[in-house]
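The values are calculated or read from the model by the stated rules, or taken from the named source; none is laboratory data. Treat the numbers as computed from the prediction; the structure is a model and nothing was measured. Don't worry about glycine lacking a Cβ; one is built from the backbone with ideal geometry, like all the others, and counts go over all protein chains shown. Note: accessible area is taken over every heavy atom of the protein model, side chains too, but ligands, DNA and RNA are not part of it. Shrake-Rupley method; radii C 1.70, N 1.55, O 1.52, S 1.80 Å.
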Amino acid sequence: MLTSIAYVLLLGLGLGALARLVRLPPLVGMLAAGILLGPCVLNLLSPQLLGISADLRQLVLIIILARAGLSLEADDLRRAGRPAVLMCFVPASFEVLGMVVLAPRLLGASLLDAAIMGAVVGAVSPAVIVPRMLKLMSEGYGTEKGIPQMVLAGASVDDVFVIVLFTSFTSMAQGGSFSVSALAGVPVSIVLGAVLGLAVGFLLAKFFAALHMRDSVKVVILLSVAFLLVALEDAVEAWVPISGLLAVLGMGLGLRRWRLPVAERLTAKFGKLWVWAEVMLFVLVGAEVDLNYAAAAGLAAVATVLGVLCFRALGVLLCVAGSKLTKKERLFAVLAYLPKATVQAAIGGVPLAMGLSCGQVVLTVAVIAILVTAPLGALAIDASYKKLLERAAD
């Protein structure tokens with residue numbers, strides 16, 4: 001496993017730097033490194049590392065969301081207002097609808113299979129979006145109207161909504177019925193997760209004020225509490241729905257609200273953690289990609305993914321309709337909501353593992369979504385934000 005980790009870090013950093021040289025987002029090189037190292041090409045990664053890949057990706061996602069929470073201002077979220085709330089579920093709903101419309105025609109899927117596909121590809125990738133929105137916030141682009149904060153918050157909640165839909169649709173495919181209670185639990189999960197996170201952030205602020213310790217120790221405590229919050233979601237899911245990842249975001253937000261100097265120092269610490277975490281995440285996502293499935297799907301799967309992105313764009317435009325955003329800013333919101341990677345890598349193979357007849361085509365579409373939208377979305381954000389957003393005055 002140690003040898004495999006060395007391959008992941010060295011080749012990921014190397015190809016990421018090469019991608020940057022040719023003006024592509026580094027994650028493109030990191031995804032390529034994962035594909036090269038993975039079972040489809042060189043097969044150099046140990047089964048032990050691949051076996052814990054999902055856990056490592058969740059670890060990195062927790063780091064991303066904790067860092068995001070430490071950087072968010074509650075006032076900025078309030079400024080974003082109605083569009084920020086709508087972005088949590090409307091674009092994903094439009095994308096599921098788009099898949100139900102297009103997949104039966106382009107891929108020959110049934111309506112239920114198309115709904116499962118839509119739920120798999122409907123989530124945006126916090127791993128791609130959050131670091132870029134944090135960069136925009138640090139540089140002051142779009143912050144006066146709360147645009148990065150709106151996208152960041154929406155991307156963090158969007159996944160909770162989509163995964164509940166996915167669970168309900170796969171239950172139907174296995175002979176169960178659509179769970180209205182599970183769908184009704186989405187707002188409960190979001191509210192309880194946010195409230196729990198804010199409460200924990202408040203307690204940590206008081207704890208750090210009472211006891212003097214190094215910032216490095218505070219990072220360890222913060223991460224440990226974040227792990228417990230995510231574990232709590234599974235522990236209590238039989239009784240009450242709670243979004244553990246949203247609680248992690250809320251914890252950082254609460255700590256910033258009640259202990260700002262500490263939050264700003266810890267944000268810098270988490271920024272250093274992201275250097276290696278980014279490499280691990282995208283190389284391991286790349287290692288999940290099966291090129292044979294992608295090649296077998298051909299142009300029909302690519303056309304389906306691009307088609308549902310058009311539905312998603314309509315959903316985003318509906319969210320920002322009537323807001324104070326300019327046409328350029330609305331276009332940026334559409335581009336920022338394109339990338340997919342982590343959720344698709346995490347749940348794309350679940351229908352196949354469950355033995356569903358649609359399993360292989362769902363996995364194929366998930367792979368295509370990663371290969372097409374992760375580089376495309378990251379490149380679109382990086383290339384456009386200076387042209388489409390206004391920079392706040394210093």
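Against the list (1) at pLDDT 90 or above; (2) assigned to a helix (DSSP H, G or I); (3) open to solvent by less than 70 Å² (accessible area, probe 1.4 Å), the condition residue 213 fails is (2).
When residue 121 is tested against (1) at pLDDT 90 or above; (2) more than 15 Å from residue 369 (Cβ to Cβ), exactly one condition is not met: (2). Does region 132-145 include one or more residues that are more than 27 Å from residue 228 (Cα to Cα), assigned to a helix (DSSP H, G or I) and touching a Phe, Trp or Tyr at 6+ places or on another chain (Cβ under 7 Å)? Yes: one or more hits.
One line per residue, one yes/no per condition, for (1) modelled with pLDDT of 95 or more; (2) hydrophobic (A, V, I, L, M, F, W, C); (3) surrounded by 14 or more Cβ atoms within 10 Å (Cβ to Cβ); (4) in contact with a Leu (Cβ under 9 Å, 6 or more places away or on another chain):
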| position | (1), (2), (3), (4) |
| --- | --- |
| 157 | no, yes, yes, yes |
| 165 | no, yes, yes, yes |
| 168 | no, no, yes, yes |
| 172 | no, yes, yes, yes |
| 189 | no, no, yes, yes |
| 225 | yes, yes, yes, yes |
| 230 | no, yes, yes, yes |
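At least 1 residues being among the polar types (S, T, N, Q) is the threshold, and among the helices (runs of 4 or more DSSP H) wholly inside region 1-96 those reaching it are 2-21, 47-51, 53-71.
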